[in-house]
Amino acid sequence: MIFQNKTLECSDCGTGFTFSASEQKFFHSNGFHSEPKRCPACREKRSHNTLPAGNDTDVSDDVAARTPEIPAETVGDFESFGLRPNVLAGVRLSGYTVPTPIQSKAMPHVLAGRDVIGLAQTGTGKTAAFVLPMLNSLEAHRHGNIRGLVISPTRELAEQTNESFASLGRRTGIRSISLYGGVGMFQQMRNLRDGVDVAVACPGRLLDHVWQGSIDLSNVEMLVIDEADRMFDMGFLPDIQNILRCLPQKKQILLFSATMPDDVRQLVQTYLHEPITVQIGHVAPASSVTQSFYPVRQYLKSALLLDLLRQVETSSVVVFTRTKHRAERVAEQLKNSGFKVVSLQGNLAQSRRQAAIDSFRRGKVKILVATDIASRGIDVLRISHVINFDMPDTTDAYTHRIGRTGRIDQTGEAYTFICPEDAEMVHAIERMLGKKVERRILDGFNYDVEAPKTEKTRRPVSGNRIGGRASAARTSNSRVPYNRAPRAIFSKTKTTQRNSTQLSS
């Protein structure tokens, strides 16, 4: 999404004020989808005059932007949390008036010192749900050492969380730092020596500092494990366990996750003390995402993707592949076909990763081809379509992928290419959803093309082709021309003109 400076009218004094692009980016990344109603001067004035809970009536527009499935009684105002004046000032200076449902439900328990499990999809405002209570606790009695620790799965998410601490804590004097790999450690060490109160870190780089002796975690009072399910999908469970061994036994732990796989449950049972569980909606894809399955043979995936992108009107698209090699090759083919596209995968240097994300976020390119690991933490609200070029390995991964679209008050479309060998995962996804997913056949696409001769005569030995890694069974299937959807898992479908023409709506 491209943010540009805009002029708004203050509801208190009536003067015009600038809502800058950087403020808009921060505003959206924290789950607040309305705009500030007061100019900075009026916000400043109000920050010194705390209103009694419930007296601020200027919230109707903000309430309308909240998730409609959450009961109205869960939405109060920030004054009702009893935040310290300097923390509340940061909230008001940022233009926030009404908490999101995850903030409204989780923050009272966090402020009371309880361990909390927060189950919510990306884009629900969960970052502020732990940033504000941590600021409130640390500002009460500062010691000049690290007492708050946030563990994030990706560099991008760590940086965004650090920005939230800086903005919401601008009046508190709380100092935070982001620690992640891909950049040198020396400057991070210098900043740590200068004294920080909060560290927002990726697991690997945090352990590097622990082993180098450049960070002291012995005073940590509050630990946040953010996006825990994706953290474990990325193989960080041993690192998380090593980090937990470095922390004091007495501490408050907050764990946020979109799903609850077995690894997350095990961690909860081992380390959290009588946690309160706060769940927003269902641990399943958001209802704002329309899902469709496209039956296709492996060797026709690339052609189907090209035709689909040519027919569908999109604003921004994320295409998911299973491997980094596939991501590179799919992106290359899309570029050769005239699309503006970037790829995002684990081998990229930090500078190239950031450049790819920035070009996609700003709308310079419309298509991002990514692997599951590389995509986590991308903060782009207005993704219109997600296309699963390859079926994910788990239902949790499916939920995370399609959750990149349809965020907050937006709607989105999720298309998944399914092959006969995906039958087991297709059934697992439909069991999770509790319903059948609509099968679509793209109007005008030629499904009668036979498999290339190279695939008929020998078994592929790698997954580097865009068509993908094939099993022996898949190779034998490729000898049969694809004249119709395979009956085993693609039956009882109906193709209509609406299926292709309504994709742009």
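The values are calculated or read from the model by the stated rules, or taken from the named source; none is laboratory data. This structure is a prediction, so every number in the text was calculated from the model and none was measured. Note that each Cβ is placed from the backbone with ideal geometry, even for glycine, and that neighbours are counted across all protein chains shown. Please note that ligands, DNA and RNA were not included when accessible areas were found on the heavy atoms of the full protein model with its side chains. Shrake-Rupley method; radii C 1.70, N 1.55, O 1.52, S 1.80 Å.
At a glance:
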{"item": "Hits in region 319-328 (condition: out of contact with any helix residue (DSSP H, G or I) (no Cβ under 7 Å at 6 or more places or on another chain) and buried (at least 21 other Cβ atoms within 10 Å of the Cβ))", "result": "R326, A327"}
{"item": "Test: residue in region 348-371 that is more than 18 Å from the chain's Cα centre (by Cα) and among the polar types (S, T, N, Q)", "result": "yes"}
{"item": "Condition check for N145: at pLDDT 90 or above, farther than 20 Å from R404 by Cβ and open to solvent by 10 Å² or more (accessible area, probe 1.4 Å)", "result": "no"}
{"item": "Cross-chain or 6+ apart pairs with Cβ under 8 Å, region 412-438 first and without any contact (Cβ under 8 Å) to a residue 24 or more places away in the chain, then of a type outside the set (V, I, T) and open to solvent by 40 Å² or more (accessible area, probe 1.4 Å)", "result": "E430/K436"}
{"item": "Tabulated pairs, region 270-283, first over 14 Å from P108 (Cα atoms) and open to solvent by 50 Å² or more (accessible area, probe 1.4 Å), second at pLDDT 90 or above and in a loop (DSSP other than H, G, I, E, B), C-beta under 9 angstrom, 6+ apart or interchain", "result": "Y271/D115; H273/R114; H273/D115; E274/R114; E274/D115"}
{"item": "Test: R193 is among the basic types (K, R) and out of contact with any Cys (no Cβ under 7 Å at 6 or more places or on another chain)", "result": "yes"}
{"item": "Among residues of region 299-322, those that are over 15 Å from I402 (Cα atoms) and aromatic (F, W, Y), counted", "result": "1"}
{"item": "Breaking point among (1) at positive phi; (2) more than 21 Å from the chain's Cα centre (by Cα), for R193", "result": "(1)"}
{"item": "Residues that are open to solvent by 60 Å² or more (accessible area, probe 1.4 Å) and either closer than 19 Å to V312 by Cβ or of a type in the set (G, A, S) (or both), drawn from region 333-349", "result": "Q333, K335, G338, K340"}
{"item": "Selection from region 438-453 of residues that are within 17 Å of T290 (Cβ to Cβ) and in a loop (DSSP other than H, G, I, E, B)", "result": "R440, I441, L442"}
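Conditions (1) within 20 Å of the chain's Cα centre (by Cα); (2) at pLDDT 80 or above, marked per residue:
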{"residue": "V386", "(1), (2)": "yes, yes"}
{"residue": "F389", "(1), (2)": "yes, yes"}
{"residue": "G406", "(1), (2)": "yes, no"}
{"residue": "T416", "(1), (2)": "yes, yes"}
{"residue": "C419", "(1), (2)": "no, yes"}
{"residue": "D422", "(1), (2)": "no, yes"}
{"residue": "D443", "(1), (2)": "no, yes"}
{"residue": "A451", "(1), (2)": "no, yes"}
{"residue": "T457", "(1), (2)": "no, no"}
